[in-house]
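Inspection log for the structure reproduced underneath, given as C-alpha cells.
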Amino acid sequence: MRRVTFIAAAVSILATGCTLAPTYERPTAPVSPAFPNGGVYATQPGAAQGARSANDAAAVNIGWRAFFVDARLQRLIDIALKNNRDLRASVLNVQAAQAQYRIVRSELFPAINAQADQSRQRTPRNLSFLDQTISNTYSVGLNASWELDLFGRVQSLKDQALAQYFATAYARKAFEISLVSQVASQYLQVLQADDLLRVTEQTLKTARESYGIVKLQFDNGAASELDVSQSQTVVETASANYQAQQRARAQAVNALVLLLGEPLPDDLPPGMPLNEQDLLTDIPAGLPSDLLANRPDIMEAEQNLLAANANIGAARAAFFPRISLTGSFGTLSPTLGGLFKAGSAAWSFAPTITIPIFEGGENQANLDLANIQRNIQIAQYEKAIQSAFRDVADGLAARGTYDQQIQALERDTAAQQRRLDLSTMRYRQGVDSYLGVLTAQQDLYSAQQSLIVARTQRLANLVALYRALGGGWIERTGDAPRAADAPA
C-alpha cells in the first residue's frame, strides 16, 4: 500500500510539473507613474492644420507605412526588412534558441533506442565449458532510459530554455523595430545632405558673382584689395564646405546601403524633400506602465529574469536524489538464426538512484551563483525600464520645443536674407564697406544650415519617439500584431 501511495505521489508531481524554482514576482518599475509634464513638456504639438493625425492611436497600433508617407522611404524600409544581414542573423538566433529549447524539453520524455549487437569472445581452454573456447552472442531489442523528475530539475531547465527562447524572440523584435527607425533616420541624413548641398551651391554661386563684381571694381579702381580678399574668403569657404558636404552625403548613402543589405535599386519611387516629410506629430505618450507591454527590450529583459529564476530551481534540485530508470527488452541467442526462436526473449530493468553526499561545495556554489545571476537580471530589467522611460521623456522634451525653435530659425533666416540684401545695396551705393556684405553672407549661410539641421533633428526625434513607444512592428495600421518569433 505504501508503494502504491509513493508511486501515485510521484506521478502527481510529474503531471503538475512541480519545480523548486522560487515564485516569480515582477519587480516594481523604478520610475515615476507618469511622464514629466510642465515646462518643455507642456507644449506638445497636435496635428497641424491639414496635416495627418494619429487620432489618439498608440504607437504600437500605427503601422510604419502610416507613420512614414514618403513612398521612397517606404520602399527602402521594405528592402531592409528583407535583406538586412543583422536582422537575418537575429531571426536565425530565434530558430537556434527554439531548437535548444526542444533539446532540453526532450529530456522530460523517455529515450527509446533500437539496438542490434553481435559479440565474439575467446575463453582460455582451462576456463572454458566443454572445451568451447569461442562463444558468440547475438541480440536485438529496445533500450529505454528515463529520469524521474521528482524534484523538477529537468522541468526547471526546460523553463529556463523556454524563457531564453522568448528573450531571443523579443530581442529580434526589438532589432526589427530599431531597424525601421535606423533606415528612416539615415534617409533623413541623406535628405539633410541634399538640402545642405543646395544651400551651399546657392551660396557659392552668389559668392562667385559677388567676387566677380568686386574684382571688376578693383580692376577699375573702385574697390580695395581688402574687398577682393574678403570676397574671395566667402568663395573658398563655400567651396570647402561643398566638398565636405559631398563627402558626407556619399557616406550617408553608404550607411543607408549597409542597412538595406543591397545596393540602392534604380527603380526607387520619387521621394519627398526634407521639409515635406509629413510624420505624425501627435502620437500620445500614454503611461510608463504601457512600456512594459509595448517595448520588446523590456520584455526581453523580463524573460532573461524568468530564465534566471528557473535556473534557481535546477540548482536547488541538485541537492536532492536523482532517480533514473533504464531497461531493455529483446532477444538473445548464441547463433544468428536463433534470435527469433521461442525462448530467446531477454529483458533487463535497472533503476538507479544517485544521492549527493559530498561534492566539495559545488551544489551550494551553483545555487549561490544562480541567485546572484537572478539579482543581476533584476538590475538589468529595472535598467531597461529606466532607459525606456528616459527615451520617451527625451522624445517628449524635444517634441515640445523643436517647433518653436524652427519657427525662430525661420524668422532668423528671413531676417538674415533681408540684412544681406540691404548690406549689398548699401555697399553698391558706397555707404558701407564690403565687410558688412561679407558678414551678412556668412551669417545667412550659417542660419540656413542651422535651420536645415534643426528640421532634420525634429524629424529624427519624431522617428525616435515612435520607436521608443514601441512603434514600427506592424506594417499597416489595423494589421494583427505578429508574434515576436514570427518568420521574417
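Just so you know, all these numbers are worked out from the coordinates, no wet-lab data involved. All values derive from a computational prediction rather than experimental measurement. Neighbour counts run over all protein chains shown; Cβ positions are idealised from the backbone, glycine included.
Around the Cα centre of the chain, unit charges on the Cβ atoms of Lys, Arg, Asp and Glu (plus for the first two, minus for the last two) sum to a dipole of about 1600 debye. When shorter helices are ignored and each DSSP H run of at least 4 residues is given -39500 (n - 2.57), the per-residue value for the chain at 222 nm works out to -20500 deg cm²/dmol. The simple Förster model, with R0 at 25 Å and r as the Cβ-Cβ distance, assigns residue 335 and residue 113 a FRET efficiency of 0.55.
According to the Cα-based calculation, Rg over Rh for the range 56-128 is 1.55, with Rh computed by the Kirkwood formula.
Look at 276, 147 and count the other Cβ atoms within 10 Å of each Cβ; fewest to most, that gives 276, 147.
Contact order normalised by length for the chain, with contacts defined as Cα pairs under 8 Å and 6 or more residues apart; what percent is it? Over the chain, the number comes to 31 percent. Calculate the tail of P(r) for the chain: the fraction of all Cα-Cα distances greater than 40 Å, expressed in %. The calculated P(r) of the chain puts 51 percent of pairs beyond 40 Å. I'd like the orientation of helix 2-16 relative to the chain: the angle between its Cα long axis and the longest Cα principal axis, in ° from 0 to 90, rounded to 10. Roughly 20 degrees between the two axes. Farthest towards the positive end of the charge dipole of the range 353-488, among the residues 445, 401, 469, is the Cα of 445, using unit charges on the Cβ of Lys, Arg, Asp and Glu. For the chain, the longest principal axis of the Cα atoms and the long axis of helix 153-219 meet at an angle of about 20 degrees.
Could you give the angle, 0 to 90 degrees to the nearest 10, between helix 402-428's Cα long axis and the longest principal axis of the Cα atoms of the chain? So the inclination is approximately 30 degrees.
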